[in-house]
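Below is one structure, written out as structure tokens, with a few remarks after it.
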Amino acid sequence: METNQKPIIKVSNLTKKYGSLTAVDNISFTVEAGEVFAFLGPNGAGKTTVIKMLTTLLDPTNGSILLNGYNTVQEQRAVRSSFGIVFQDPSLDDVLTAYENMYFHAMLYKIPKNIRQERIRNLLELVQLWNRKNEQVKKFSGGMKRRLEIARGLLHLPDILFLDEPTLGLDPQTRNLIWEYIHDLNKQEKTTIFLTTHIMEEAERMADTVAIIDEGKIIKMGSPQQLCEHTGTTTLEEAFLSLTGKTIREEGPDNGRQILRNMALRRK
Amino acid sequence: MDTVYILWLRQMKHYFRSGSRIIGSIGQPLLFLFAFGLGFGPVFEQAGETDYFQFLVPGIIGMSILFTSMFNGIDIIWDRQFGFLKETLVAPVSRIYIMLGRTLGGATIAVFQGIIILSISLLVGFQPHNPLIIPAAILFMLLTALLFSALGIAIASQLEDMQGFPLIMNFLIMPLFLLSGALFPLKNLPAALNIIVHINPLSYGVDGIRGSLLGLYEMGLWLNLGALSAIAILLLTIGAYFFSKIQI
């Protein structure tokens, strides 16, 4: 039923340059409403930069994005009403308590008063933080913070949910729990899921479509099965390695702006 | 409105949960009051002026408001570094409301600091000429606080990290403070200094607070009100524009 609708994300000739560095190089793809779309690639491939442009945090150098039918540069408010996101790096307020972080989000996203408390409670219980709800986030461990970030991202029910390496640093128990919840969300609420991860089994298990990006370009897109068939492999991990090579990517900051900043520092 | 309120509330929680911040930001003005008040008092009186302590209290209140408001604006850089800024920037609410909430939060804290300094001064012998006009002084504190909170936000929106911070401190905050009427009277100033002082928005804030507390405006009540309001509106507009254009 969703498949014959217009794509919920339409990326056309998207490019992002930082000075002479091209972080994202003329990519185009579409995501259908209701699908789970995995965006995979080695470190520094440009995944986070693409997500930043999809979520209006960064303007593209060239090309355009339609998200839920709205242009991410010209119709930012409508775009922002269409998605939720769990960021790759921390975005909690350390001084506030777990509950306050959730409450703040609920207010920003205008979750109606009568269901606000219940939603917050359900999600904090899901990530097993309800009994710690009144503690300041700065007292939390890395895993607890991550769980809270995820709970917060799931608080409102957006049309599209971006998950940028959501399970980074979580134990297998929690990872399973979270993916199960996201799976149900996708099936029951028809939420479109756009995820990145380095754990290929997660992508293989969850995704309808996988796009593999390397050095700012999409090198292959299709269902996990198609990618395996194309590369003559049996798992997505093998397919990924055969497409992107086995060399380790140069360790470095994961976004171009940071690279530029470091270059500027070195010049000083 | 919810957006403005929740951002304001966050600033309040941050402020009241940081004991060291409260003590630090009250300690410095008190040190200035003590050192300048007692140190320059005798010279001032010899020159035939009245009590320098009386003169200085409104200036130090202005200084405290300047520092607190600017720091609050610059807090955005911390939020950027620790990631929280993203959470507010992707929210489906107007960034102008987010900016306004932050400005009001910063201004409230600054006015609160100003009132603390005023209260302590009253305890150690400061005598306002008419206690009933203290609300007028608080109005001037609020205008000054809004103005510099907006300026802090406008600047912080353009900075990526804390490296530019010492620059702002040395080339903006300190000159704003020293080259205002906070420490010295405005009459008979050398021409160059006189011009600078009249360009400096803090001068109008300090004169407004001082006039309300001591009963004599050097630049005039309406000029103070007009200049502060106009510059505050201008900086709020610029700040809101820059804030809405932040890229991460």
Notebook entry, point to check: Do we have residue B:143 as more than 26 Å from residue B:248 (Cβ to Cβ), away from chain A (no Cβ under 14 Å) and not acidic (Asp, Glu) here?
Noted result: yes
Next item on the list: Sort out for me the strands (runs of 3 or more DSSP E) sitting completely within the range A:1-104 that have 1 or more residues that are free of Cβ contacts under 8 Å to residues at least 24 places away in the same chain and not hydrophobic (A, V, I, L, M, F, W, C).
Entry: A:21-31
Note to self: Residues that are under 23 Å from residue B:228 (Cα atoms) and open to solvent by 20 Å² or more (accessible area, probe 1.4 Å), at least 1 per element: which helices (runs of 4 or more DSSP H) completely within the range B:125-199 meet that?
What the structure shows: B:134-158, B:174-178, B:191-199
Check: Tell me, which residue of the range A:168-200 that is within 14 Å of residue A:40 (Cβ to Cβ) and of a type in the set (Val, Ile, Thr) is surrounded by the most Cβ atoms within 10 Å (Cβ to Cβ)?
Finding: A:196
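Conditions (1) surrounded by 17 or more Cβ atoms within 10 Å (Cβ to Cβ); (2) within 14 Å of chain A (Cβ to nearest Cβ); (3) closer than 27 Å to residue B:123 by Cβ, marked per residue:
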site	(1), (2), (3)
B:1	no, yes, no
B:5	no, yes, no
B:12	no, yes, yes
B:16	no, yes, yes
B:21	no, yes, yes
B:29	yes, no, yes
B:34	no, no, yes
B:42	no, no, yes
Item checked: Residue count for the range B:178-205, restricted to those that are of a type in the set (S, T, N, Q) and either under 22 Å from residue B:142 (Cβ atoms) or in contact with a His (Cβ under 8 Å, 6 or more places away or on another chain) (or both) -> 3
Notebook entry, point to check: Under the condition of being crowded, with 18+ Cβ neighbours inside 10 Å and more than 16 Å from residue A:87 (Cβ to Cβ), which residue from the range A:47-68 is farthest from the other protein chains (Cβ to nearest Cβ)?
Noted result: A:66
Next item on the list: Say whether the condition of being within 14 Å of chain A (Cβ to nearest Cβ), surrounded by 22 or more Cβ atoms within 10 Å (Cβ to Cβ) and under 30 Å from residue A:68 (Cβ atoms) is met by at least one residue in the range B:103-110.
Entry: no
Notebook entry, point to check: Hey, among the residues in the range B:218-248 that are of a type outside the set (A, V, I, L, M, F, W, C) and open to solvent by less than 20 Å² (accessible area, probe 1.4 Å), which one's nearest to residue B:189 (Cα to Cα)?
Noted result: B:224
Check: Taking the range A:106-122 on its own, how many of its residues are touching a residue at least 12 places away in the same chain (Cβ under 8 Å) and buried (at least 22 other Cβ atoms within 10 Å of the Cβ)?
Finding: 2
Next item on the list: Output yes when any residue across the range A:64-75 is in contact with a Lys or Arg (Cβ under 6 Å, 6 or more places away or on another chain) and farther than 21 Å from residue A:182 by Cα, and no when none is.
Entry: yes
Note to self: Being touching a helix residue (DSSP H, G or I) at 6+ places or on another chain (Cβ under 9 Å), in contact (Cβ under 8 Å) with a residue 40 or more places away in the chain and open to solvent by 20 Å² or more (accessible area, probe 1.4 Å): is that true of residue B:53 here?
What the structure shows: yes
Next item on the list: Have a look at B:203, B:157 and point out the one that is of a type in the set (Gly, Ala, Ser) and without any contact (Cβ under 8 Å) to a residue 60 or more places away in the chain.
Entry: B:203
Margin query: Quick check on the range A:31-39. Is at least one of its residues under 18 Å from residue A:213 (Cβ atoms), away from every other protein chain (no Cβ under 12 Å), in contact with a helix residue (DSSP H, G or I) (Cβ under 9 Å, 6 or more places away or on another chain) and charged (D, E, K, R)?
Written below: yes
Checklist line | Pairs with Cβ under 6 Å, 6+ apart, first in the range B:69-96 and at the interface with chain A (Cβ under 10 Å from one of its Cβ atoms) and farther than 12 Å from residue B:159 by Cβ, second among the polar types (S, T, N, Q) and open to solvent by 10 Å² or more (accessible area, probe 1.4 Å) | finding: B:92/A:81; B:95/B:244
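The values are calculated or read from the model by the stated rules, or taken from the named source; none is laboratory data. Keep in mind that this is a model prediction, so the values were computed, not measured. Note that each Cβ is placed from the backbone with ideal geometry, even for glycine, and that neighbours are counted across all protein chains shown. We work out accessible area using only protein heavy atoms, side chains counted, and drop any ligands, DNA or RNA first. Shrake-Rupley method; radii C 1.70, N 1.55, O 1.52, S 1.80 Å.
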